[in-house]
There are 2 protein chains.
Amino acid sequence: MPLTLEDIARLSGVSRSTVSRVINADVNVSDETRRKVLEVINYYNFQPNLAARGLATGRTNVIGVVIPAGVSVIFTDPYFPQLLQGISSVCNTRNYSVMLWLAEPEYERRMITRILHNGLVDGVVVAKILINDPIIQSLIDSKMPFILIGRHPTVDVNYLDVDNFQAGRKATMHLVRLGYRRIATITGSQDQVVGYDRYQGYLKALQDTGHPIKPELVVEGDFTEEGGYTAMQRLLKYKPDAVFVASDMMAYGAMRALREARLRIPEDVAVMGFDDIPASAKTDPPLTTVRQPVYQMGSKAVDVLIDIIEAGPAAIRKVLMDTELVVRASCGASKME
Amino acid sequence: MPLTLEDIARLSGVSRSTVSRVINADVNVSDETRRKVLEVINYYNFQPNLAARGLATGRTNVIGVVIPAGVSVIFTDPYFPQLLQGISSVCNTRNYSVMLWLAEPEYERRMITRILHNGLVDGVVVAKILINDPIIQSLIDSKMPFILIGRHPTVDVNYLDVDNFQAGRKATMHLVRLGYRRIATITGSQDQVVGYDRYQGYLKALQDTGHPIKPELVVEGDFTEEGGYTAMQRLLKYKPDAVFVASDMMAYGAMRALREARLRIPEDVAVMGFDDIPASAKTDPPLTTVRQPVYQMGSKAVDVLIDIIEAGPAAIRKVLMDTELVVRASCGASKME
DNA sequence: TATGATTATGGGAGCGCTCTCAAAAGACAA
DNA sequence: TTGTCTTTTGAGAGCGCTCCCATAATCATA
């Protein structure tokens, strides 16, 4: 049977209250008493019961992490392990624990109420929510602090995301600087925020550098390899010399289409991807792409969430994070030199 | 403020005890009363506070999952996401929650005591523990129910693992049946249980089928690509016609060595891997290998653990799971036909 | 030395639940 | 009607902690 506060109190000849003060680093304890109590605590390796503390304080120092299962089956990408590492790391340093919920559809509704109302967690991180997921409204109604990973277009909630606009701009700028003149794009689905934002970044880069925007050089994809392939086929007749593809998966498809058309990468057409999934380092040629700071997104999200939990409700926090251009061979070297 | 049992009791005109009985499906409640109370509970979407319940019962219905960080940085493999899915799935159906700990080395000791003694979890699943990790002794001392994923050679604890011996045997048998005569093996480190077991399976298959065991056809590797490469180089002069490599990673190295030696796979040398990491479907040629039922390992481990938690201490449970041969092109078709 | 301010400690209530035990309410037979 | 047995309900204590308040001890100052 584990020891209790009362046991420690008895063993060190003080009251339960004093032991509690020592554990919670209250200043109103004499050095002598503190020393005595700590000795006993360390000797017995005492750990206060967190369920009891949770009951007394109304706070558990546990955060929930919700990952929709529909998303978490995507195993080709180290996204979730990295995200969890980031989350876990901050939780460790800030003395929180992580409750993980992989939300299977059939349990989803039951589960949500269980999470929200059972007093088990102080706040929730929701990863990669599907647009218009009912969970968001439940969360808002519950008054539980929460943060989304992936920005939400319509509802005013705390979120953290990659700055897809700047990233799209940065990627396109890279192509511009290398001297490409007919820069096409295969966008993501325009009804998804990420697809839209990356496309807007592409447009901005061209505008800023005085490049004309040619509608025929813009094709909408759907984030799949197949979609990238057909999109590239359609682009071919307009003879682009470079293409910014809004996801690595689509970029693979685009590269396949180029190979079939006997075009060399990057000599005939340069290819820029987005995501930097691991396989992109090993394509032929290795893919230049944009990397998201996944680990940092996890840690930052939790940091913000814990701030909200501990400081109480404040202004909505919207955090955008920078991406990193990963230059490999698929865009070639400068055409200027 | 969330409602309490007392609130529900008042609202439905019964006592706190009766509401508790209804929630816990106690039989000693009249149908009429039960109906009345359930109505109120559903109307207000009441959820009992789990911290309070935990305090009262000494059970939390939470299991801890510990993944050493040294291992979880391995991102090339969907191992952990799949394992977590399996774990999570059973937890959902059996009404448990998952507390996730990615053990960073610097926090490890602190964390372990926190997990074990703070009354937050009823049991622990420890994934891919390093051999002789001190965590095992701590777990044993703590009397907390726990199960290892990955069998432990020396200490007598609950574990669940893949049957590496049978798997090694099965893989080798496949090569035998295809008619290969000089079947070599690149083993894993022999000081790791998995490496040893797979090698023993190889030996058994050869014995059972009356093949002589040629020591020159056995080279010890270290589970790295580089190790597989050098091991294969050493094997070449003994002219094997097939090689069972104890991990896919090493198999990639072995294939590289074969390509450099201008040997065709599988015409000159067949290659059998182990693990079925995703990239193995896309090597040239695609790698025949052994797949571990990772998802099932997660779910089975939790199933066993919860049984132990709910039934109380019993005999040590040691579970071995079957593997699946994934036949692709790297071992060719039968030489007999 | 008495007084008040300050610091250190202990006692009690209460967080929301479960669980035991006793009492109340019915059911039934004599 | 009374008594016995069974079913249903309620009251109370307690899980291990925090937090408030009262009291005791210490110290500075008049």
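No lab work stands behind these numbers, since they all come straight from the coordinates. Here the structure is a predicted model, which is why all the values come from computation and not from measurement. Cβ coordinates were reconstructed from backbone atoms using ideal geometry, including for glycine residues, and neighbour counts include every protein chain displayed.
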Checklist entry - Placing a label point 7 Å from Cα toward Cβ, how far apart in nm is A:R177 from its equivalents in the other copies, listed shortest first to one decimal? => result 5.8
Checklist outcome for this item: Whole-Å distance linking the alpha carbon centroid of the stretch B:213-261 with that of the stretch A:254-269 is 35
Checklist entry - Give me the Kirkwood hydrodynamic radius of the stretch A:164-291 in Å, from all C-alpha pairs, to one decimal place? => result 13.8
Item to check | Folded to 0 to 90 degrees: helix A:294-311 orientation relative to chain A principal axis, Cα | outcome: 40
Next on the checklist: Suppose every Lys and Arg Cβ carries +1 and every Asp and Glu Cβ carries -1, with no other charges. What dipole size does the protein assembly as shown come out with about its Cα centre, to the nearest 20 debye?
Outcome noted: 360
Item to check | Selection from A:Q190, A:Y180, A:Y159, by position along the positive dipole direction of the stretch A:140-233 (Cβ) | outcome: A:Y180
Checklist entry - Leaving out same-chain residues fewer than 8 places away, which aspartates and glutamates sit with a Cα under 13 Å from that of A:K282? => result A:D248
Checklist outcome for this item: Neighbours of B:G64 by Cβ distance under 12 Å: Lys/Arg at +1, Asp/Glu at -1, summed charge 0
Checklist entry - Hey, with R₀ at 30 Å, roughly what FRET efficiency would A:N45 and B:A56 work out to, going by the Cβ-Cβ distance, to 0.05? => result 0.75
Checklist outcome for this item: chain A, convex hull of Cα, quarter of hull surface, nm² -> 22.2
Checklist entry - Given a cut-off of under 8 Å on Cα pairs at least six residues apart, what relative contact order in percent is computed for chain B? => result 17
Next on the checklist: What is the angle, in °, between the Cα long axis of helix A:79-93 and the longest principal axis of the Cα atoms in chain A? Nearest 10 is fine, range 0 to 90.
Outcome noted: 30
Checklist outcome for this item: For the stretch B:279-337 the translational diffusion coefficient, Stokes-Einstein from a Kirkwood Rh over Cα pairs at 25 °C and viscosity 0.890 mPa s, in µm²/s, is roughly 169
Item to check | Linear extension gain, B:E6 paired with B:D141, 0.36 nm per residue minus alpha-carbon span | outcome: 44.7 nm
Item to check | Among B:P145, B:G228, B:A25 the positive-end extreme of the charge dipole of chain B (Cβ point charges) | outcome: B:G228
Checklist outcome for this item: Quick note, the stretch A:5-48: a/c under 1.5 would make it rounded; otherwise a/b > b/c is prolate and the rest oblate (a ≥ b ≥ c, C-alpha gyration tensor); here it is rounded
Checklist entry - Can you list, shortest first and in nm, the gaps between the label point of A:E39 and those of its counterparts in the other copies, using a point 7 Å from Cα in the C-beta direction? => result 6.4
Checklist entry - What does the convex hull of the Cα atoms of the protein assembly as shown come to per residue, in Å³, rounded to a whole number? => result 215
Next on the checklist: Given an 8 Å cut-off on Cα distances and at least 6 residues of separation, report the relative contact order of the stretch A:164-291 as a percent.
Outcome noted: 24
Checklist entry - aspartates and glutamates near A:K128 by alpha-carbon distance under 13 Å, same-chain residues fewer than 8 away left out - which ones? => result A:D161
Checklist entry - From the label point of B:R10, set 7 Å along Cα to the beta carbon, how far off in nm is each other copy's matching point, shortest first? => result 3.7
